[in-house]
Each structure stands twice: as structure tokens, then as C-alpha cells.
Amino acid sequence: GTTPVNIRGQPILSKTGGWVAAFFIFGNEMAERMAYFGLSVNMVVFMFYVMHRPFASSANAVNNFLGISQASSVLGGFIADAYLGRYWTIAIFATIYLIGLTGITLCATMSIFVPRQDHCSQLSLLLGSCEQAKPWQMLYLYVVLYITAFGAAGIRPCVSSFGADQFDERSKDYRTLLDRFFNFFYLSVTLGAIVAFTMVVYIQMEHGWGSAFGSLAIAMGISNMVFFLGTPLYRHRLPGGSPLTRVAQVLVAAFRKRNASFSSSEFVGLYELPGKRSAIKGSGKILHTDDFRCLDKAALQLREDGTDPNPWRLCTVTQVEEVKILLKLVPIPTCTIMLNLILTEYLTLSVQQAYTLNTHMGRLKLPVTCMPVFPGLSIFLILSLYYSVFTPLFRRITGHPHGASQLQRVGIGLAVSILSVGWAGIFERYRRNYAIEHGYESIFLTAMPDLSAFWLLIQYCLIGIGEVFCIVGLLEFLYEEAPDAMRSVGSAYAAVAGGLGCFAATILNNIVKSVTGNEAEGHPSWLSQNINTGRFDHLYWLLAGLGVINFCAFLYFARRYKYR
């Protein structure tokens, strides 16, 4: 059932897959991540300066876009596992992604899609007196943004699984190859982010918004061509039919036999097809486990079921175990929502912090929107040193052949993210007090020349380290632990956690604004547009406290989890 096939569905005889095929896939992911981060860091500024939307509502709109693009990844994973396979899902949704980026480029290029820019000074922007974007202009921008989000939803859950599919499970060094693959995969993600935070920002400053967004569309178009060029080299897995239907069949069958007893005289045994072949296309058989015993009723074979059972009344052990695995996996990615919430907050809050600081590096002045490149650089450094420094070090501590298990790496990432946001709160308190003491309280978009933005590098580097340990470990964990015919859905768990983190950031921001501020009485909220009268430090410490609670929950679930 897990035999790799070519694009026509025929078993592969010639040598395919391996690192060569994987590198074609890396290119597609690098371009997708470049577009994703390029939009995430530039779209808030574009909405504020060009569409004349308030900064807070612009940040929330982009957070919602990021959240939808990730949370809807379940749809892409479902389509890939059920009907199209990973290759065709990536091909179709990458094309949709390109259409969305082209639409965004047109919005930034053609004056008809944006409000008038004359007589709109920085003071007018702050006072909100610039001409607002017309409702149809904002509607067009949202439509093309969400077309892009829909395209990302099909790519993200499939591309890491499709890349991992290129390696032979029967190889004796399969686990080592898979471990290295996911590190290199995240390296391509990081390179895409670095390009977005540097070259795309430079293009925007030198040549305008249209050229910046156009460069993202061009990169996506080139990566699609590269992806298609690698078609003869790819190994494919047959789609196993609708995973949603199989899950529903197990739940219905278990409910219908809820009163049946394993000790009944009618009990024949737990139902499974004879021989080596699984009833599920694209999947090997899965051995029975004692978890979620109530679901075993779905595989409870009675004499009345006959020789040709109804799948809505009797399911195979493998089908029941698929549902058990999906349920057992849920708590681990759920615990990474907190990390994604922190990452989302950093994308907007730390940029606001950087506007008040000196961003000169010697004679070179870095644009504020370039600041998020530093987590990417720290990730790049960590991945480069991982096998030469971190793996031997952790191997001595844990005794694990790969240095640390997948769940240990996720835990390390969550712990480091708490340190990052804790430091962010300490520095923000110092930055705010410094601004007030030196007369910058009301001029919050004026950089303080004696306070360097590079103090932000500590929180950036820490969150970069946390991200690489947590997300790479999570992706590898979900791919290896997910059922054979549901690996795209399994990978979508990580993307859904990212999307929920974005939504959680929006919800948290709205709660904080409503609870901590009262504009009528002149009390600014923690998230005041004037960062010097707000209390970003309190928000960071709140995140640190929530992170500690989340980490304790992760330790509980990780200790109880049994690897397949």
C-alpha cells in the first residue's frame, strides 16, 4: 500500500527521488515563504501608508490573513490525501497563489486601486486626516489577499510531506535522511524569509510598492517552473480516499456498537483484512493499540456482520488506529499555538519598537522593516551548526542517537521562546522609561539616536532558536507519527497551529485594548498607537506567563505520549 509510484500511478522501477528531487521541492517552498513573509512584513505598512488604514486595524487584518492562510491548510491536506495526491495539489494551489500575488501587484501599481496620496503628510497619517481608501478598493485588496491565502493553504501542508516522500522508507539510514531533510527544508523556509526581509524591503524603498510585490510574483512564477521541471524525478504516494469519510465511518460504527460486548458469544474478533495488503490505498497495516478503547467497538466483528460487512457498521483495525493516531497527535501541535502567537506579535510589536530606536549599523542605516531578518539569520546559523555542535552536545546529555528526540526539540523551542518574550518585556520597560525621561513621549515615530535598535537582536535571536527547534521537531514528528495515508493532514496540524496562533494574537490584542484602555477618560491601552504611552512591556510579560502555563501542559502531554 505504501509502494511509491510515478505520476501515472505505476510502480517505480527506475531510480527516482532522493536529494535531487527534494531540491526541486525546496525551491517551491522557498518562494512561497518569501511571498508569505514579504506580505506579512510589508502589508501592514502598505495598508497604513498607502491605503491610510489605522495601524492597529492594519495589523489585525494582516494577522487574520496569516491565520486564514495557515488554518485552512487542513483543506489542502484533505484534498491531497483524499483525491489529488500531493503533487497535483501543490501544482494547482501554487498557480492560485501566483494569481493572488499578481492581483496584489496590480493593486500597488495602478492608482485606481488606492486612495489619493497628495496632501498626506506623516502628521496627517497620525491624525487620520488622509483620504481613506474607498470600500471597493479595500474589498479588492482583501479579495486578492485571500486568494493568496487560499493558494498557500494547498501548498503548506503538502510540500514538506511530498519532499519527505522522496526518500525510501526501506533504507537503513532512512531516519537520518529524514532528520536532515526537515532541517534543510526549514533552511529553505529561512532563506525565503531572509530574502523577504532584505531584498524585497530594498526593492520597495528604491522602486516602490509595485516592484516589491511584483518581485514576489516573479519569484513564485519561477519556482513553479522549477517545480514542474522536476516532475520526472518525483516519487508519489497514491491518495487513500477521503480521510474524513474514514474517520466518520469509525465514529458511526463505534456508536452503533456502543452496547456490544467483547465477551459476547456473538464476538468473532477485531476485524482486519487477511494478508499483508491494507484496505486503505496508500497505507500499510497498523497494529492494534489499547488507547481509546471505546473506538475499538468500530472493529468489533460479530456474526451478524457477515462476510461482506458494511463499512459504516464494521471498520478494519487499521482504519480505527488511524483515528486514534489523529486524536493522540492533537495535544502536541496545540501546545505550539503559543509559540506562533509570540511570533505573530513580534511581527508587528517589534517593528513599532524599532521605529523609536537608532537602526544605524556604522554608516549603514537599516530600514525598520528589515529588523525581522535577524531571527532568520539566527535560524540559518543554528541549522548550519546543528549537526556539528548541537547534535553531539545533546547526544552527551540525552543519549539519543540524533541528539534529541522530536518532542524534546519541541520542548526546547517552547522553553527558549519564553526566555525571548521575557527579555522583550525587560528591554521594552527600559526603552519606554528612556523615551519618557528624554522627552520622546509624544513623538513616538522619531528615533532616539542614543538607544540602538540592536538591543532587539537578543529577543530576535532567542525566538529564532526557539522556532527552529520547535517547528522542525514538530514537522518531523507529525510526518513520522501520522498514518501513511494521512500525512498531508498530519502536516496540516502544524500549519493550523500557526493559523490559530495568528487568530489568538488578534483576539488577545482586542481583549487587551478593551480591558486596559479607556479612550473617553484619556487612559491609553497597553497597545496604544503611541508606543511610549502604551505598555508593551506588560503584554510581553503576559505572554511569558501564558508561555510558562503552556510549557507545563506540553510536558504533561509529551510524557504521556507513546511513539508509534
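The values are calculated or read from the model by the stated rules, or taken from the named source; none is laboratory data. This is a predicted model, so every value here is computed, not measured. All Cβ positions, even for glycine, are placed from backbone atoms using ideal geometry, and neighbour counts span all protein chains on display. Heads up: the accessible areas ignore ligands, DNA and RNA and are worked out on the full protein's heavy atoms, side chains in. Shrake-Rupley method; radii C 1.70, N 1.55, O 1.52, S 1.80 Å.
Quick notes on this one:
- Calculated Rg and Dmax of the range 4-237 using C-alpha coordinates, Å: 19.8, 68
- Of the solvent-accessible surface of the chain, computed with a 1.4 Å probe and all protein chains present, 65% belongs to carbon and sulfur.
- Axis of helix 85-109 versus longest Cα principal axis of the chain: the two differ by about 20°, to the nearest ten degrees.
- Relative to the longest principal axis of the Cα atoms of the chain, the long axis of helix 536-560 lies at roughly 10 degrees.
- Each residue, residue 109 and residue 168, gets one label point 7 Å from its Cα in the Cβ direction; the gap between the two is 4.8 nm.
- Once the convex hull of all Cα atoms in the range 324-560 is built, its volume per residue stands at 139 Å³.
- Within the range 243-318, the proportion of C-alpha pairs whose separation exceeds 15 Å stands at 53%.
- Taking 180, 429 and ordering them by how much accessible surface each has at a 1.4 Å probe, largest first, produces 429, 180.
- Each of residue 175 and residue 514 was given a label point 7 Å from its Cα along the Cα-to-Cβ line. The distance between the two points is 4.9 nm.
- Spin-label zone in the range 422-460 - amide nitrogen under 17 Å from a point set 7 Å from the Cα of residue 360 along the C-beta vector: 446-455
- Rolling a 1.4 Å probe over the heavy atoms of the protein chains gives the range 4-237 an accessible area of 40 Å² per residue.
- Dipole size of the range 324-560 about its Cα centre, with +1 on Lys/Arg Cβ and -1 on Asp/Glu Cβ: approximately 580 debye, rounded to the nearest 20.
- Amide H contacts for residue 452 (H built 1.01 Å from N in the peptide plane; partners 5 or more residues away or on another chain; cut-off under 5 Å): 358.
- Between residue 222 and residue 434, the C-beta separation translates, for a Förster distance of 45 Å, into a calculated FRET efficiency of about 0.50.
- Counting only lysines at least 8 places from residue 172 when in the same chain, those with an alpha carbon closer than 19 Å to its own are 15.
- In the chain, the longest principal axis of the Cα atoms and the axis of helix 456-481 are about 10 degrees apart.
- Å² per residue, accessible surface of the range 324-560 at 1.4 Å: 39 Å²
- Put 562, 15 in order of accessible area, highest first, and with a 1.4 Å probe you get 15, 562.
- Only Cα pairs under 8 Å and 6+ residues apart enter the sum, and on that basis the relative contact order of the chain stands at 22 percent.
- Under 5 Å, built H, 5+ apart or other chain: amide partners of residue 535: 526, 527, 528
- The ellipsoid that matches the Cα gyration tensor of the chain has semi-axes, each √(5λ) in whole angstrom, of 45, 26, 24, with the longest given first.
- Taking a straight line from the alpha carbon of residue 328, these lysines sit under 24 Å away, with near neighbours fewer than eight places off in the same chain left out: 257, 281, 285, 297, 562.
- Net dipole in debye of the range 4-237 [+1 Lys, Arg Cβ; -1 Asp, Glu Cβ; about Cα centre; nearest 20]: 420 debye
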